[in-house]
1. What full-extension length gain, to one decimal in nm, is calculated for D118 and R73 as 0.36 nm per residue of separation minus the Cα-Cα distance?
2. Please sort by residue number the GluC sites (Glu not before Pro) in the range 1-87 whose DSSP state is loop and whose Cβ has at most 15 other Cβ atoms within 10 Å.
3. Mean residue ellipticity at 222 nm from the helices of the chain, using -39,500 (n - 2.57) per DSSP H segment of n ≥ 4 over the full residue count, to the nearest 500 deg cm²/dmol?
4. Below 16 Å, Cα to Cα, which lysines can K78 reach? Residues fewer than 8 away in the same chain don't count.
5. Bin width 5 Å, alpha-carbon pairs only: give the P(r) of the range 1-123 as whole percents, running from 0 to the bin holding the largest distance.
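FYI, it's all coordinate maths here, none of it is from the lab. Computed from a prediction, not measured in an experiment: that's the story for all the values here. Please note: Cβ atoms are built from the backbone with ideal geometry, for glycine as well, and neighbour counts cover all protein chains shown.
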Amino acid sequence: MRYADILLNYAECIVKTGGTPAEAVVHVNKVRERVNLAKLEDSIFKDAMNSSDAFMKRLQMERTLELCFEGWRWADLKRWGLLDNQEGINELKLRDPDFNNFVIGKHNRLPMPQLEIDNSMGGLTQNPMY
């Protein structure tokens, strides 16, 4: 876990527990300033400060950019509920063609190996749709 991950998670927690974007942006700005980016409120993304929903969408992108290739994206997508409905999948498709073939209820988990199911003697059942 990196300090940037902790700061971005904390900003998310602030907003999700009733805090304001103004309270949370302090922590996002620490991450942005480290790489010489403008503070969020001074950037072209300042509209993200207008509501909690807009802030969360910007925070999702901040996490995607800051933590790319570090293995957090899938957990983030699941936590944000983007894999649970067609609206979320459509949003992901706009920037990632890998989601064009995504099937809700199937692709958000992997199939269990058949050997493990067989060895469990009826204790395990296959994930739905596999």
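1. 13.0 nm
2. For GluC sites (Glu not before Pro) across the range 1-87 that sit outside H, G, I, E and B with at most 15 neighbouring Cβ atoms in 10 Å, the list reads E70.
3. -15500 deg cm²/dmol
4. K16, K57, K93, K106
5. Taking all Cα pairs of the range 1-123, the binned fractions are 2, 9, 18, 18, 16, 14, 9, 5, 4, 3, 2, 1, 0 percent.
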